[in-house]
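What follows is calculated from the coordinates using simple rules that are stated; it is not laboratory data. Keep in mind that what you see is a predicted model, and the values were worked out from it rather than measured. Cβ placement follows ideal geometry from the backbone for every residue including glycine, while neighbour counts extend to all protein chains displayed.
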Amino acid sequence: MPHERKLRIKTLAMVFLLVLCANAGDLLLKHGMTQVGAVELSAAGLAHAFVQTVVNPTIWLAILFLSGFMFSYMTAVSWADYSYVMPAGAFGYAAFTFFAMIFLGERVSARRWAGVALICIGVLLVGQTKPRTTHAAGGALP
């Protein structure tokens, strides 16, 4: 059982990192695209948006955080079942909602908060299960 507990702790730590990176990356991407402006769906409009995106430091910082999300996600699913990592990572939806309210000034209704609360309850339930129920590439459970 100590191995299973260690696996749960390190997997949840990696899930926390992926949620943190995803939230930071998405918020920065939204902020950067607000700086770029609405993208016009024409050849000239797409070319202009592309140039504005490439030279925007906020977009590059967002890409850095989203790369951190990708690497932490890849690490987490190498350790634990997909059916464990994805629901645990859904806690990010609660964080997204909170940060959108704080940093982007969005209004969040009681109905949305109720949905967020249900997601958090689901994350807590998933977090109490075994992170890995499948065999690793070597044939044994880690």
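Model label sites at A44 and I9, defined 7 Å from Cα along the beta-carbon direction, differ in position by 6.1 nm. The length gained on full extension between L124 and L64, counted as 0.36 nm times the residue separation minus their Cα-Cα distance, comes to 18.7 nm. Kirkwood-type hydrodynamic radius, the chain: 17.1 Å, calculated from all non-identical alpha-carbon pairs.
For the chain, what's the relative contact order in percent, using C-alpha pairs closer than 8 Å and at least 6 residues apart? For the chain, the relative contact order is 31 percent.
Report summary: the helix-based calculation at 222 nm, which adds -39500 (n - 2.57) for every DSSP H run with n ≥ 4 and divides by the residues of the chain, gives -26500 deg cm²/dmol.
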